[in-house]
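Just below is one structure, and these are the notes that go with it.
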Amino acid sequence: MVDTCPNPNCRHRSKRKLRPLVISIIRDNVDESKTNRHQHIADMFAQHPSLALHFEPPVFSPGVPSRDIRNRIKFLQYANQAGLIPKVEWEAIQKAVDEQSGGSHNRPADMNKKCIEKDEDAPKHETIDPFRYLATTTIIKNSDEDKEFFDDDQSNQKRKKKWYPEIETKPLVPISPDRKGPEADILLPYSMELWRKGKALNRDRSVFACTLAHLIAMKRMVGKNADSEHDLNNSVEKCGGNDFDFILEDNTRAFAGLGCIPCEKTGNVVNENCEWTGWSCECANRIWDFIEASNYDSGGNKMGQVDDSNPMSFTQVPPCHLRYYGWLGSLPNLTWLYQCHIPRTGLPRDSGEIGTIFPFPTKDDMALDLSTESHFNQKSQNEALSRDNEALSGSNVREEVRTNTKEPKFSTPGGTAIFGAFAYSISAPAYRSLIHQLQNDVGSMLWKSKKMRAYKVKAIDKILPRHVRENFGRNSVHVTNKVAFVRGPMLGSLLHKHWDKSFCESTEWQFSLSCCESSISAPYNINVDGSNVWDRVWLPESERKIVEHRKCYGEWIRK
């Protein structure tokens, strides 16, 4: 039975509770300060009535520590949890590890402990080869003439190169005919190619760990539909799984709304009888408005169905397979999005409080709007950006602090228009298609040019929208102009430390633009202070102090 929200202004009072899946690293025997993110997320959905009445308690999906994937066994274990390693290869890896470690074949979760659980008589530093039953490696004996030719070629060079014998690898398991990449990589089993490239990661190891964590969460959210074929139209209505509605990172904060009046007796924002005391349901309303607008067009027709009376109707657009409930961008890109892209491509046009959905922006959209024929050319954009930045800052102190730092600063739109994967949902067909591509193309995640020493990793927020657009159509990725979640202020990102202040500034700028009425012919008038966004977002006490310091002194500080 669905509990009705006591807020009379709530637009979705009788809807069921939403089910979040949160990615968070949970470790045993750690300091309490290192588990604050996990605790803050749990408190956020439990303490505030607008969230507790509309959301189930969050379920946590384990993150992937970057230090763990230095180990080959743990690396393969996390890759299997993410659904990357084929079943045949994983069974061969388990068999090899069990035989060399003396463990049980039915305990794949304890594979990383088997190196320690050995007999006392066994060598202390014996290496376990998990690829024993995947491929055979033999050294090709070169003739003396080949070695003499190599020595003659090196005699004229100042820096001598070491001569390495050629190695031939023959797979013992079937190789998928859909594998992509160089011929030398295709001949290898997938898990061997993934490890050979993954062990050569340097600073991007944390990025790859983040990608694995998201793939693990997606597999859990899709649930039973991850490997089964089912009706497409029925699966995309929720754009998620049977157990969860969306995925969050542990650095997100939800919109709680204004007007929270504490109760006189208890001091809480809800009294003993769970009666409405003035709080709003902004986060849940934005999510349900987004889902309904994403599933149905402005005429009330279901997305993905063809209208015979109007062959060119919007109902021919593919159904949604990826939704963004929270996103960010650089200041110039945000200005371009709200000032030109959303008014041109957003649906429905006259949305008002409900908000507008629009397709994921591409470089072609940006090139079209920034062309000389377009109203929003580069010169007008620069003028609008400088004017809006001055109105947003409110003082010269903030600009002086920013110019003295080493943070990147952009003045024109460009690059990736939208970044971040801290609040989204994906459909089962899109997930299956994504895993199929990643299982056949390691280069779609890990790549390296000829002059690079270490491999680079493509972030998950770039892999997801690009893949869904290419396989399900340009309009299969939906974004909302009124986000339901934002990134917490000054959380100290492990991947983007130099972007912490920029994340906060972009969040304020996004809120200012989303509260303004826009059109192609009318410029933006910044009449909303962007710093007020933190008053509408649930924040713990430590982050609330950071926001107050920014309002008083015009600069951001770390915890």
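The values are calculated or read from the model by the stated rules, or taken from the named source; none is laboratory data. What you see is a predicted model; the values in this text were computed from it and never measured. Note that we place each Cβ from the backbone using ideal geometry, even for glycine, and neighbour counts take in every protein chain shown. All accessible areas refer to the heavy atoms of the entire protein, side chains included, with ligands and DNA or RNA removed. Shrake-Rupley method; radii C 1.70, N 1.55, O 1.52, S 1.80 Å.
Counting only heavy atoms of the protein chains and using a 1.4 Å probe, ARG558 has close to 130 Å² of accessible surface. Using R₀ = 30 Å, calculate the FRET efficiency as 1/(1 + (r/R₀)^6) where r is the Cβ-Cβ separation of SER371 and CYS515; round to 0.05. Efficiency at R0 = 30 Å is approximately 0.55.
By per-residue mean of other Cβ atoms within 10 Å, what is the highest-first order of 545-552, 19-26?
Ranked by mean Cβ neighbours within 10 Å, highest first: 19-26, 545-552.
Among the listed pairs LYS74/LYS501; LYS17/LYS74; LYS363/LYS451; LYS95/LYS462; LYS87/LYS199, give every one whose C-alpha distance is greater than 25 Å. Beyond 25 Å between Cα atoms: LYS74/LYS501; LYS17/LYS74; LYS363/LYS451; LYS95/LYS462.
Judged by the mean number of other Cβ atoms found within 10 Å, the most tightly packed of the peptides 244-253, 469-478 leads the ranking 244-253, 469-478.
The listed residues TRP499, TRP534, once ranked by accessible area (1.4 Å probe) with the largest placed first, stand as TRP499, TRP534.
Packing here is the average count of other Cβ atoms within 10 Å per residue, and on that basis the peptides 483-489, 417-423, highest first, run 483-489, 417-423. Taken one residue at a time, the phi angles of segment 328-340 give Karplus couplings (6.51, -1.76, 1.60, θ = phi - 60°) of 9, x, 5, 4, x, 5, 5, 5, 5, 4, 7, 8, 9 Hz. Gly and Pro are set to x.
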